[in-house]
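Below is one structure, written out as structure tokens, with a few remarks after it.
The values are calculated or read from the model by the stated rules, or taken from the named source; none is laboratory data. The structure presented is a predicted model; accordingly, all values stated were derived computationally and were not measured. Here the Cβ is made from the backbone with ideal geometry for all residues, glycine too, and neighbour counts use every protein chain on show. Only protein heavy atoms, including side chains, enter the accessible area calculation; ligands, DNA and RNA are left aside. Shrake-Rupley method; radii C 1.70, N 1.55, O 1.52, S 1.80 Å.
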Amino acid sequence: MTRKLFGTDGVRGTANTPPMTADLALRLGAAAGRYFRNDRANDHRVVIGKDTRLSGYMFQNALTAGLTSTGMNVLLLGPVPTPAVGLLTTSMRADLGIMISASHNPAVDNGIKFFGPDGFKLSDAAETEIERLLEAGIEPVQAVNIGRAKRIDDGRFRYAERLKSTFPTGRTLAGLKVVVDCANGAAHRVAPEVLWELGAEVVPVGIAPDGYNINDGVGSTAPRRAAEAIVTHGADVGICLDGDADRVMILDESGTVADGDQVMALFASRWAEADRLAGNTLVATVMSNLGLERYLGGRDIALDRTRVGDRYVVERMRAGGFNLGGEQSGHIVMTDYATTGDGLLAGMQFLAAMVETGRRASELTRVFDPVPQLLRNVRYATGCDPLGMGPVKRAIAAAEGQLNGKGRLLIRKSGTEPLIRVMAECEDEGLLAQVVEGIVAEVEQSAR
């Protein structure tokens, strides 16, 4: 069965526009409830978290209706980061966890992503089966078996205590001034609280959500305000989260943004030196820079590449028994501590490196020399398939020939938006621009 709803990170789209409607959420909740209900127990639990989008209330209510109609008892966490849902699914012995969020997307978008009872995101096979159940229709339970719903008020605090327990024993953040940008999103309360409780002087940014301003000029995809705050307040470092706080961008003391590959290189090398990097391997995606691969290779650390999407990184980590992975975009996964990318956790581990080494953020974010990389996104109309058209295929083949032995080329469709992503790496920056712009021009022509 071909999946129609699920992308690389759940179901996502513009709120109140198909497929992201309240009706779909109700039916999706019923299908997920039927899939996960364990008839050997009487208490069928699901935890639901959300970010700060206005539409989150609508989707939470619709999902709750669908889930309770199948006999699931719903525990409402309110606004919490995505990794908190993964954590609380297991710690509260739930059959299912759901996060309502469109991550770094604007407020008009929303999404629904699922976690299994082990706290990890669902496999493609599980999502496919939920779609099948949704299309077939779900028979509701009898009236006496309808589930209950209640608010859980301490979810944020449980998550905060778990985060603080991951910080090196005996260490604090005393003496560090930290800018934390919460993107007006799910971590707007917990992130400043945790950093302050660990001893930091905290300069908060993006902590006034109003339902409409999530990711609006703030957060990991718009770090300018955080950079300005670092300079204005003389801060030592900046931590920029996205709307659901599962990714992070680190800024140094000058406000310069560090690439996610640099942060992963830092963590991998430190963990390898401490003999705690499982399999002496870092798992990353095909988007990670060739310079990262070369740096790790020089230290006898393997780079295991996966397709794009933090869920695929996690699947490979679990299959290979690895404990560190991530994406260039700032998803850092540490399975010793969490089941999914956790921006605040990764930020805290970077702060721990600063404390333990006594080095400035700028020193820790320039671990290797990256190979010049160029990424362009090209939007296409629904129903259009630019990558299947002859002129685009010929342009890609020509570019591959030009880069042969000099670099690499990656062309892919986004799993969450109607975009073609064109990425290339090459030491020759002139050739790099030439091949990328040539492909982009053909895709734009074909996408009209």
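Of the Cα atoms belonging to the range 1-140, the radius of gyration and Dmax stand at 13.4, 42 Å. Straight-line reach from K177: which lysines fall under 21 Å, measuring Cα to Cα and dropping same-chain residues less than 8 apart? Hits, sequence-local ones excluded: K164. For the pair D154 and R3, the difference between a 0.36 nm per residue extended length and the Cα-Cα distance amounts to 50.8 nm. Counting only Cα atoms, the size of the range 275-368 along its three principal axes is 36, 28, 26 Å, in decreasing order.
Using the empirical formula 2.2 N^0.38 Å as the baseline, the Cα radius of gyration of the range 333-448 reaches a ratio of 1.42.
Computed from the Cβ-Cβ distance with R0 of 51 Å, the FRET efficiency linking D300 to R189 stands at 0.75. Dimensions of the range 146-279 from C-alpha coordinates, computed as largest minus smallest value along each principal axis and given longest first, are 53, 37, 28 Å. Taking each residue as 0.36 nm, the span from Q434 to Y57 lengthens on full extension beyond its C-alpha to C-alpha distance by 131.0 nm. Set against the labelled values (i) 31; (ii) 23; (iii) 28, percent of Cα pairs over 35 Å apart computed from this structure falls on (i).
Take the Cα pairs of the range 233-313, get the Kirkwood Rh, then feed it into Stokes-Einstein at 37 °C and 0.692 mPa s and tell me D in µm²/s. For these conditions, the coefficient is 236 µm²/s. Given the range 163-204, what whole percent of its Cα pairs are spread farther than 15 Å? Beyond 15 Å sits 39 percent of the P(r) for the range 163-204. Which residue fluctuates most in the GNM of the chain (Cα springs below 10 Å): Q142, Q328, Q349? Per the Cα network of the chain with a 10 Å cutoff, Q142 tops the list.
For a paramagnetic label modelled at 7 Å from the Cα of D336 toward its Cβ, which residues of the range 346-363 fall within the zone defined by backbone nitrogen distances under 19 Å? Inside the label zone: 346-358. Surface composition of the range 350-448: carbon plus sulfur atoms contribute 46% of the solvent-accessible area (1.4 Å probe, protein chains only, all chains present).
Ranked from largest, the principal axis spans of the Cα set of the range 69-125 equal 32, 25, 23 Å. Each listed q (0.21 Å⁻¹) maps to a log10 I(q)/I(0) for the range 160-231, found by the Debye formula over equal Cα scatterers with no solvent: -0.89.
The charge dipole of the chain, taken about the Cα centre with unit charges on the Cβ atoms of Lys, Arg (+1) and Asp, Glu (-1), comes to about 920 debye, rounded to the nearest 20. Taking the chain as a Gaussian network of alpha-carbon nodes connected by springs under 10 Å, the highest mean-square fluctuation of the residues A186, A229, A397 belongs to A397. Ordered from highest to lowest accessible area with the whole protein assembly present and a 1.4 Å probe, K406, K4, K177 read as K4, K406, K177. Put a dot 7 Å past the Cα of A397, heading toward its Cβ, do the same for D124, and the two dots end up 2.6 nm apart. Using R0 = 51 Å, the C-beta based FRET efficiency linking T357 and T382 works out to 0.55.
In straight-distance terms, cross-link reach from K413 covers every one of the lysines whose alpha-carbon lies under 28 Å from its own, apart from those fewer than eight places away in the same chain; here that gives K4, K50, K113, K121, K393. Inter-part distance, the range 112-180 to the range 393-429, computed on C-alpha centroids, equals 36 Å.
Between T166 and M92, the contour length at 0.36 nm per residue exceeds the alpha carbon distance by 24.7 nm.
Evaluating kT/(6 pi eta Rh) at 10 °C and 1.306 mPa s, with the Kirkwood radius of the range 51-205 over Cα pairs in the Stokes-Einstein relation, gives 91 µm² s⁻¹.
I'd like to know which of I396, A160, G326 lies farthest towards the positive end of the charge dipole of the chain, counting +1 on Cβ of Lys and Arg and -1 on Cβ of Asp and Glu. Of the options given, the answer is A160. Counting only DSSP beta bridges with both residues in the chain, the antiparallel share comes to about 50 percent.
The Cα atoms of the range 183-225 define a convex hull whose projected area, averaged across directions, is 3.0 nm².
Only helices enter this figure: runs of n ≥ 4 DSSP H residues, each worth -39500 (n - 2.57), summed and divided by the residues of the chain, yield -11500 deg cm²/dmol at 222 nm to the nearest 500.
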